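For reference, the structure is listed below as structure tokens.
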Amino acid sequence: MNKSLLQKEVQVYINSNLNTDVTKVALAKSPFAEVSSAELANQIAAKKKSEKKLPTWFKQENIVYPSTLSIEQTSSEDTAAYKHQLVKGNSLIDITAGFGVDSLFFSLKVDEVVSCEINKELSAISAHNAKLLGANNIQCLATDGLEYLQSSEKSFGTIYVDPARRNTSSKVFKLAECTPNVVQYLDLLLSKAHRIIIKTSPLLDIQAGLIDLKNVAEIHIVSVKNECKELLWVIDRDLIGEPKIIAITLNTSIKQIELPLKDDLETKYVDQELSKGYLYEADAALMKSGAFNAVANKFELKKLDKQSHVYFSDEFHANFIGRIFEIDAILVPNELKKEKTLQGNVIVRNFPEKAENLVSKLKIKPNKETFYIFTQVQQKYLVVKAKIVQYY
């Protein structure tokens, strides 16, 4: 870590240029003898990326930032704050600490955090920032976390690991294809802690993960504004019972619901002509669970169709995880061709045309409150005109 970045005039320069084109900063001559233009450009870009994702770090003076890639790959404060409540015991080791965001939030829950990061530069940055942020119970070690566990006699309440995918070009991957290979070393991890928390990309197939892992107590599907951010696999050494899925949304309010590992066999379908009432569009966390029938049953909703994954109710259920629309009118798709001043947003569910094509063809202008939901009910195509009453 270049300590010259902490010089007052350097920090003033970084903060004064947060809205400057970093390419120009990188190509210009550095005004400081001990800090290169590339370093200045990186600090500016990384701090700017942290403004919304990591506000605690952004607001703190004299924070040193790693590469922008490290900022992109690290947990957000919202997700880190959620997962720290899953910790068991009074001590934790983070064996893939990275920039140290998760380690810092874990330090709020336990007495001792050992934060292992194999990259010496990144470990030094994390240690510096942890002290600035008052996390004096974090021990930052520039070492391989697995090697530390193998050579140490210490045990912990919880081990946290965020395996990196070796092949990031494919949407389908296995845990065994990540570093560290938690499948290979799971017995070692269980011998060193009562609880293991594994963070994975939401691209990981849940059933495939269950095949690879043992002692899975919970799978937390974490979503922010209808985007699945991560899967959290909670593994307990002394597991009793079957795994359960918990879908969580971290928006203006936090909502969560427990869902079965296997979807319910039966649910109710709309058996009437739609008129007044509400349509429910499931959040990405619910969709990732695959428990489409269970979602309907949990919230006392009816499915529009087997393939739609859109739900209906005469009543408003504010605890639903996702968007809710109040029905204004039910239209036949061809009727819209006669309208000349359509305004709204288009949603397509189980309908044989793309939303962007419909917007272009029908010349629909944007409107934040009105939605046209093209879907299918009882094998009939229809359009639900509705106003949104609950956002993600």
For a quick check of your reading of the model, give me the residue pairs whose first member lies in segment 257-283 and is surrounded by fewer than 20 Cβ atoms within 10 Å (Cβ to Cβ), whose second is of a type in the set (Asp, Glu) and assigned to a loop (DSSP other than H, G, I, E, B), with beta-carbon atoms closer than 7 Å and at least 6 apart or on different chains. LEU261/GLU242; GLY277/ASP314
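For (1) touching a Phe, Trp or Tyr at 6+ places or on another chain (Cβ under 6 Å); (2) among the polar types (S, T, N, Q); (3) closer than 16 Å to THR56 by Cα, each residue gets a yes or a no:
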residue: TYR82; (1), (2), (3): no, no, yes
residue: SER103; (1), (2), (3): no, yes, yes
residue: SER107; (1), (2), (3): no, yes, yes
residue: CYS116; (1), (2), (3): yes, no, no
residue: ALA124; (1), (2), (3): no, no, no
Filter segment 363-377 down to the residues that are crowded, with 17+ Cβ neighbours inside 10 Å and in contact (Cβ under 8 Å) with a residue 24 or more places away in the chain, then identify the one that is farthest from the chain's Cα centre (by Cα). VAL377
Could you check LEU175 against (1) surrounded by 18 or more Cβ atoms within 10 Å (Cβ to Cβ); (2) over 20 Å from GLU112 (Cβ atoms); (3) touching a Lys or Arg at 6+ places or on another chain (Cβ under 9 Å) and say which number it fails? (3)
Scan segment 365-392 for residues that are assigned to a loop (DSSP other than H, G, I, E, B) and out of contact with any Asp or Glu (no Cβ under 9 Å at 6 or more places or on another chain) and report the count. 5
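So which of VAL64, VAL87, VAL101, VAL114 ends up being touching a Leu at 6+ places or on another chain (Cβ under 6 Å) and modelled with pLDDT of 95 or more?
Answer to the selection: VAL64.
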Determine if segment 373-382 includes at least one residue that is among the basic types (Lys, Arg), at pLDDT below 95 and under 22 Å from ALA282 (Cα atoms). yes
Select from segment 229-256 the residues that are within 14 Å of the chain's Cα centre (by Cα), among the hydrophobic types (A, V, I, L, M, F, W, C) and under 25 Å from ALA193 (Cα atoms) and write down the one among them that is surrounded by the most Cβ atoms within 10 Å (Cβ to Cβ). TRP233
So which helices (runs of 4 or more DSSP H) stay within segment 22-67 end to end and still have 2 or more residues that are more than 24 Å from the chain's Cα centre (by Cα)? 22-27, 37-53
Hits in segment 106-144 - residues which are assigned to a helix (DSSP H, G or I) and of a type in the set (S, T, N, Q): SER123, SER126, ASN129
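Select, from LEU203, LEU232, LEU210, LEU190, the only residue that is touching a His at 6+ places or on another chain (Cβ under 6 Å) and within 18 Å of PRO163 (Cα to Cα).
Being touching a His at 6+ places or on another chain (Cβ under 6 Å) and within 18 Å of PRO163 (Cα to Cα) holds for just one of LEU203, LEU232, LEU210, LEU190, which is LEU232.
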Taking segment 248-271 as the region of interest, how many residues are touching a strand residue (DSSP E or B) at 6+ places or on another chain (Cβ under 9 Å) and more than 14 Å from HIS309 (Cα to Cα)? 13
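Can we say CYS140 is assigned by TED's automatic domain parsing to the domain that holds ASN251, buried (at least 18 other Cβ atoms within 10 Å of the Cβ) and touching a residue at least 40 places away in the same chain (Cβ under 8 Å)?
yes
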Filtered residue count, segment 31-60, keeping only those that are surrounded by fewer than 20 Cβ atoms within 10 Å (Cβ to Cβ), of a type outside the set (D, E, K, R) and over 13 Å from ILE14 (Cα atoms): 4
Segment 300-359, subset in a loop (DSSP other than H, G, I, E, B) and small (Gly, Ala, Ser), residue surrounded by the fewest Cβ atoms within 10 Å (Cβ to Cβ): ALA318
Which one of GLU72, GLU147 is in a helix (DSSP H, G or I), surrounded by fewer than 21 Cβ atoms within 10 Å (Cβ to Cβ) and at pLDDT 95 or above? GLU147
Can you tell me which residue in segment 180-217 is farthest from GLN73 (Cα to Cα), limited to those that are part of a helix (DSSP H, G or I) and acidic (Asp, Glu)? ASP187
Quick check: is even one residue across segment 181-202 at pLDDT below 95, loosely packed, with under 14 Cβ neighbours inside 10 Å and not assigned by TED's automatic domain parsing to the domain that holds GLY290? no
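The values are calculated or read from the model by the stated rules, or taken from the named source; none is laboratory data. Because the structure is predicted, anything quoted here is derived from the model rather than measured. So basically every Cβ, Gly included, is an ideal-geometry build from the backbone, and we count neighbours across all protein chains shown.
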